[in-house]
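Notes for the one structure printed next.
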Amino acid sequence: MVRLLLAWMLSLCALAAPVSGQVEDGVRGLAGVRVYPDRLVRVRAQEPPPVVVTDAEGRFTLDLAPDDTVLVVEKSGWQRDFVPLAELARPVLLRPAPEYRREPVLVVRLDLPGTTPLRSDAELRALLFSRAPGTASAANYYYEISKGGLELEEAGLRHLRYPAPVAPLRPGGLLDDRRPELVEWVLGQLKGMDLQPFDRVDNRTGALGPDGEPDHLWIVAPGPSRTITVDPGHFAAVCYLMPLPWDRRRHWTTVFFAEETPLGNIVHEGIHAMGEHRAEDLYMDDRHPLTAGRWDIMDAGQFQGWDRYHQQGFPWQEDTGYSPSQPMGWVRADLWYRGRFRATVPAREVRGAWEGWLDPLERAPRDLPQRLVVSDPRKRGRFWDLEVRRPWGFDRGRTGGRWGPGYEGLVVARVDPALLARVDAHLNVSRAFLGPVRVVNAHPGTPEPPLPRHPAGRWRLDGAAFNLGPGETAKGSDGPLSWEVLQVDEAGRMKIRLHGLGR
């Protein structure tokens, strides 16, 4: 019995170890900061991570598992950060989030005759608005990628019953063809509503101040997602710039999705809406893999977090697309809300040769750059974007438990903003997928992973990161630009050398 007790105590020591630290605001300790280990987030997570709150002096002690290497530190109104354990020897510095805002979401559940809902209101609220640590939700995703600058909150959840059954317009057609009329019908039902509880920002720019429309209007239809089932009788997620039925000169941004739509598809469409489609799709089609791939939410990164592939078996959200990738620096700094969150991604423009350190993109901004921007002399307006990506937070979904060369490290992309889809004077969006981003593949020829994969066989582009270590590639080039990884420190930063253009 004594031996069993001793073995049990030793196993506890192997499973958990306490760490201590202090969070400061630059002058004194910061109280009320949530601290918890960074682990793979899940929809309806079964085992939430342990959470502590800093005391009046900003101090905390937290028990960790052996494989916990990074902590999350967050406090409403302050920049959110990932802190490697190696940095706990000195106080963690948090800064107020610039232009911090809370944006309301109006959710309309569209009840269709003859269709049975798959999710309760409570389950839908958790998917969209949960702020519990370790939970994959839309609110947690936007809070993370804004680095603490944007918190979504439920402003209302309403049920509207459509008066007639909904079916494809023609035999063999898509149910998706009915989406515009359903959205227009919902807008008609909302005519004359008091917008004050739902309108705090300008939908086009993200600037604080009302603009006469709901900040976020999400219409949720019953049933599965066609993105998963490939069934023409199911709805796929979409974002519309929809003219108002009572005033065709005015448009509201609306996100439409089925209730079992994977989280990655929901937040992908939500970024379209935040800035009226300025943040466009970065992919071309399934035959062109070398776009942004898994490295950006606006490409195949929306599908990260796949445990199995099952087109017909319900449910999907627990094991399908639950950990979508963060946006790359260009999308977050220049496109999302037309650059409203640019301050969260410090950049350095480089001309000629350069050598220095890069901070991981996922972290809160500090003194080091998180992006290197190098103009491409071969075409006006085109540039290279270099950044360090780590599998932290929602970016853990990029690895999905599969590791190997190219999964993390320096990512190099050639960006041509001229290839973004066009939005005309009537707010019609061109759907010509021209792929404005081309990620350089550090490990060309890497075989596609075994199932599960993305829908329609879309490429993952796994091995795109340059790194040091066995099997890794430390050097690369693209046209006249070449680069080299020189060093990696214990906090995930990388020392990079750029060789001058043309050398």
- If you roll a 1.4 Å probe over the chain with all protein chains in place, what percent of the accessible area is carbon or sulfur? 53
- Query: Per the Kirkwood formula on distinct C-alpha pairs, the Rh of region 67-114 is how many angstrom?
  - Reply: 14.3
- Message: If I take every Cα pair under 8 Å that is 6 or more residues apart in region 218-296, average their sequence separation and divide by the length, what percent do I get for the relative contact order?
- Response: 27
- Item | Amide H within-cut-off set for W78, under 5 Å, with H built and near neighbours excluded | A97
- Note on the structure: Counting sequence-distant residues (5 or more places) and residues on other chains, those with an amide H built under 5 Å from that of W306 are G321
- Expressed in whole Å with the largest first, what are the equivalent ellipsoid semi-axes of region 289-357 derived from the C-alpha gyration tensor as the square root of 5 times each eigenvalue? 33, 14, 10
- What 222 nm value per residue comes from the helices of the chain, counting each DSSP H run with n ≥ 4 as -39,500 (n - 2.57) and dividing by all residues, nearest 500 deg cm²/dmol? -3500 deg cm²/dmol
- Restricting to Cα pairs under 8 Å and 6 or more apart, the percent relative contact order of region 174-216 works out to 28
- What accessible area per residue comes out for region 144-192, rounded to a whole number of Å², with a 1.4 Å probe? 46
- Work the Kirkwood hydrodynamic radius out for region 189-282: mean of 1/r over every pair of different alpha-carbon atoms, inverted, in Å. 14.2
- Note on the structure: antiparallel share of DSSP beta bridges within the chain, to nearest 5, in %, is 65
- Send over the Kirkwood Rh of the chain, from the inverse of the averaged 1/r over different Cα pairs, rounded to one decimal Å. 23.8
- Mean separation of Cα contacts under 8 Å, 6 or more apart, over the residue count of region 290-414: relative contact order %: 22
- Task: Let me know the shape class of region 20-144, please: from the alpha-carbon gyration tensor, a ≥ b ≥ c as square roots of the eigenvalues, rounded when a/c is under 1.5, otherwise prolate if a/b is greater than b/c, or oblate.
- Result: prolate
- Message: Let me check I've understood the local charge: for V19, count other residues with C-beta under 9 angstrom from its C-beta, Lys and Arg +1, Asp and Glu -1. What total comes out?
- Response: -2
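The values are calculated or read from the model by the stated rules, or taken from the named source; none is laboratory data. Because the structure is a prediction, the values reported are computed rather than measured. Quick reminder, even Gly has a Cβ in these numbers, built from the backbone with ideal geometry, and neighbours come from all protein chains shown. Keep in mind that these areas ignore ligands, DNA and RNA; they rest on the heavy atoms of the full protein, side chains included. Shrake-Rupley method; radii C 1.70, N 1.55, O 1.52, S 1.80 Å.
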